[in-house]
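Each reported figure results from applying straightforward, stated rules to the coordinates on display, with no laboratory input. This one's a predicted model, so the numbers in the text were calculated from it and none came from an experiment. Here the Cβ positions follow ideal geometry from the backbone for every residue, glycine too, while neighbour counts run over all protein chains shown.
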Number of protein chains: 2
Amino acid sequence: MTLSEEDYIKAIYHLGKGENSTVSTNAVAYQMETKPSSVTDMIKKLSDKGVVNYRPYKGVSLTEYGQKIALSQVRKHRLWEVFLLEKLDFSWDEVHDVAEQLEHIKSEKLIDQLDKHLGFPEVDPHGDPIPSKKGELKKTIKKLLNEVPIGASGICVGVKDSSPPFLKFLDRNNIALGDTILVLEKEEFDGSLYIRIKESKIHISDQIASNLYLKITE
Amino acid sequence: MTLSEEDYIKAIYHLGKGENSTVSTNAVAYQMETKPSSVTDMIKKLSDKGVVNYRPYKGVSLTEYGQKIALSQVRKHRLWEVFLLEKLDFSWDEVHDVAEQLEHIKSEKLIDQLDKHLGFPEVDPHGDPIPSKKGELKKTIKKLLNEVPIGASGICVGVKDSSPPFLKFLDRNNIALGDTILVLEKEEFDGSLYIRIKESKIHISDQIASNLYLKITE
DNA sequence: ACAAATATTTAGTTTTGTCTAAAATTATTT
DNA sequence: AAATAATTTTAGACAAAACTAAATATTTGT
């Protein structure tokens, strides 16, 4: 696969939401920041190679082979993201562009060893699961922290309320995007939670918990 | 710079032995595993961009700008080599191809942070110096171990005698390519040496020392 | 010094991935 | 159910990087 082919495959994969839904030419063009006519050209090539199912005017979907390639691509991307954030102290916004380049490096050993170097992570810093070498992908769901069952853990991926006071609270309590949160116990009286975050145990109100999104691996 | 341009620049740099000697079209073609006519095409392009000095039929050399690019390329290549060998447990022969790909990733921060992650190494696993961010390059020389002055250290890069008995000796004494050797003391009587290698101190005969090449940073 | 050998360049194609403009198909609206 | 709008495809071009074959320079051997 060429660099460009790999990018198209990943775009089709993501637009199909990981499921194998059919994707429109226009959608791919928009995602790839290119023209629909270029997309048609490339899709034909991918179709000839057995990577996508294509019926003119009806859209594309990945074949099983195509999905395998997409998942391997996603695996590489997410492992590199973990590497950049954990080992090279990149920040969230700096990671994507570089991972986009790194994911095209061709070496099976490189990815296997990188995986090992990182301690075989299961999710990337956005809480999205990392496909296994064989292409198995765990499902994740996004839940408000107050709906997360006791004993479960997830990664903090967003806020419902983005008002300055709330963000200030998070900052003061050292809660940031990407942090892993484990729900320890729930206070029946007021619905407040005891959680563990970065080795420390804290107590937060239901009001806080109902404004924080976690991503949970099932 | 495109991927291909960067490869040509590096080839011209290496053929010019790091010095700015003029290089023939044929030599570049051979190095790049391509045809001389392709080289002429590319050289013209690089000349237009101010990367090389080119006079038809007379060969090419890098401009100052071209040399800067080449050194930055070499820096990236060698840092990635260190990473692959030290962090990902690659072996010598597996490193090159992958580093060749990695060196094309475009991100200044990536290289700076990688450098830091590796502890700012001064030489790569072959004993070759890693250019600084500003493009400064230390000189190295290859010497037989018995000619290395006391107190100096270098990296084991080759053998003069490659007979099985000698290689077996090295193996038994846990001396391998890439190891750093420090010369501690010389026995006047027989020229034998006390050296430090991988935290241990050993004693080797002059005969051994005169068959091992070290690369030394001046 | 000049013919033969070698090295280099030019001219004309090819492939990959892109583009624009025009044609064809599908969807939407009244 | 037409007419119009939107989407998608086709046709033809272009740039980058390579190639082959032919032409041109340079070097070498005698």
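Would you mind giving the mean number of other chain beta-carbons within 10 Å of the Cβ of each residue in A:179-192, as a whole number?
Working: counts 0, 0, 0, 0, 0, 0, 0, 0, 0, 0, 0, 0, 0, 0.
Average per residue, whole number: 0.
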> Which distance in Å, rounded to a whole number, links the C-alpha centroids of the range A:24-90 and the range B:2-38?
Replying inline: 35 Å
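How high is the FRET efficiency from A:PHE120 to B:SER21, r the C-beta distance, R0 45 Å, rounded to 0.05? Mind showing how you got there, number by number?
On the way: r = 49 Å, r/R0 = 1.08.
That gives a FRET efficiency of 0.40.
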>> Two decimals, Cα atoms only, Kirkwood Rh: what is Rg/Rh over the range B:67-138?
In response: 0.92
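Averaged over peptide B:108-114, how many Cβ atoms belonging to another chain are found within 10 Å of each residue's Cβ?
Values: counts 0, 7, 8, 1, 1, 7, 3.
So the per-residue partner count for this stretch is 4.
From the gyration tensor of the Cα coordinates in the protein assembly as shown, what semi-axes in whole Å does the equivalent ellipsoid have, largest first, with each one equal to sqrt(5λ)? Walk me through the numbers on the way to the answer.
Numbers: eigenvalues 465, 226, 79 Å².
Semi-axis lengths for the protein assembly as shown are 48, 34, 20 Å.
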> Among the GluC sites (Glu not before Pro) within the range B:1-94, which fall in a DSSP loop and have no more than 16 other Cβ atoms within 10 Å of their own Cβ?
Replying inline: B:GLU19, B:GLU33
> Is any residue of the range A:145-167 close enough, with backbone N under 15 Å, to a label point placed 7 angstrom from the Cα of A:LEU184 along the Cα-Cβ axis, and if so, which?
Replying inline: A:150-153
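If I take every Cα pair under 8 Å that is 6 or more residues apart in chain A, average their sequence separation and divide by the length, what percent do I get for the relative contact order? Please list the in-between numbers first.
Values: 321 pairs, mean separation 33.8, N = 218.
Normalised by residue count, the contact order of chain A is 16 percent.
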> How far is B:PRO121 from the same spot in each other copy, in nm, shortest first, if each label point sits 7 Å from Cα toward Cβ?
Replying inline: 2.3
> Across 5 Å bins from 0, what is the distribution of all Cα-Cα pair distances for the range B:141-217, in whole percents?
Replying inline: 3, 17, 31, 30, 15, 3, 0
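For the range A:1-41, which semi-axes, largest first and in whole Å, follow from the square roots of 5 times the eigenvalues of its Cα gyration tensor? Display every interim value, and only then the final one.
On the way: eigenvalues 47, 34, 12 Å².
After scaling each eigenvalue by five and taking roots: 15, 13, 8 Å.
Please check chain B for the longest run free of chymotrypsin sites (Phe, Trp or Tyr not before Pro) that are loop-located per DSSP (anything but H, G, I, E, B) and have at most 15 other Cβ atoms within 10 Å.
Details: sites that count: B:TYR57, B:PHE189.
Answer from the scan: B:58-188.
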>> Which lysines, if any, have their Cα less than 27 Å from the Cα of A:LYS45, not counting same-chain residues under 8 positions apart?
In response: A:LYS10, A:LYS17, A:LYS35, A:LYS58, A:LYS68, A:LYS76, A:LYS106, A:LYS133, A:LYS134
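Taking the Cβ of A:GLN101 as the center, what net charge do the other residues with Cβ under 15 Å away carry, scoring Lys and Arg +1 and Asp and Glu -1?
Values: positive: A:LYS10, A:LYS76, A:ARG78, A:LYS106, B:LYS76, B:LYS106, B:LYS109; negative: A:GLU6, A:ASP7, A:GLU81, A:GLU94, A:ASP97, A:GLU100, A:GLU103, B:GLU6, B:GLU100, B:GLU103, B:GLU108.
Result for the local shell: -4.
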>> Tell me the angle of helix B:64-86 to the major Cα principal axis of chain B, expressed in degrees between 0 and 90 and rounded to the nearest ten.
In response: 40 degrees
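Using the Cα centre as the reference, give the magnitude of the dipole from point charges on the C-beta atoms of the range B:80-218 (Lys, Arg: +1; Asp, Glu: -1; all else neutral), rounded to the nearest 20 debye.
Computed charge dipole of the range B:80-218: roughly 240 debye.
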> Which residues in the range B:5-25 have a backbone N closer than 19 Å to a point placed 7 Å from the Cα of B:ASN53 along the Cα-to-Cβ line?
Replying inline: B:9-25
> Pairing the Cα long axis of helix B:36-48 with the longest principal axis of chain B, what angle in degrees results, from 0 to 90 and rounded to the nearest 10?
Replying inline: 80 degrees
> Please state the Cα pair-distance histogram of chain A with 5 angstrom bins from zero: what percent is in each bin?
Replying inline: 1, 6, 13, 15, 15, 14, 12, 10, 7, 4, 2, 1, 0
>> Using C-alpha positions alone, give me the convex hull volume of the range A:172-218 per residue in cubic angstrom.
In response: 92 Å³
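Looking at the calculated P(r) for the range A:1-112, what percent of the C-alpha pair distances fall above 25 Å?
Values: 1487 of 6216 pairs.
In whole percent, the share of Cα-Cα pairs in the range A:1-112 beyond 25 Å is 24.
Pick out, in residue order, every one of the trypsin sites (Lys or Arg not before Pro) in the range A:81-182 that is DSSP loop and has at most 13 other C-beta atoms within 10 Å; say none if there are none. Please list the in-between numbers first.
Values: sites: A:LYS87, A:LYS106, A:LYS109, A:LYS116, A:LYS133, A:LYS134, A:LYS138, A:LYS139, A:LYS142, A:LYS143, A:LYS160, A:LYS168, A:ARG172; in loops: A:LYS87, A:LYS106, A:LYS133, A:LYS134, A:LYS138, A:LYS139, A:LYS160.
Hits after loop and neighbour filter: A:LYS106, A:LYS133, A:LYS134, A:LYS138, A:LYS139, A:LYS160.
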> Put a point 7 Å out from Cα along the line to Cβ at A:ARG196; what are the distances to that point in the other copies, in nm, shortest first?
Replying inline: 4.3
>> Rounded to whole Å, give me the distance from the Cα center of the range A:154-218 to that of the range B:106-180.
In response: 49 Å
>> Can you compute the charge dipole magnitude of the range A:141-217 about its Cα centre, using +1 on each Lys and Arg Cβ and -1 on each Asp and Glu Cβ, nothing else charged? Give it in debye, rounded to the nearest 20.
In response: 300 debye
> Using a simple charge model, +1 on the beta-carbon of Lys and Arg, -1 on the beta-carbon of Asp and Glu, nothing else, what dipole does the range A:5-148 show about its Cα centre, in debye to the nearest 20?
Replying inline: 700 debye
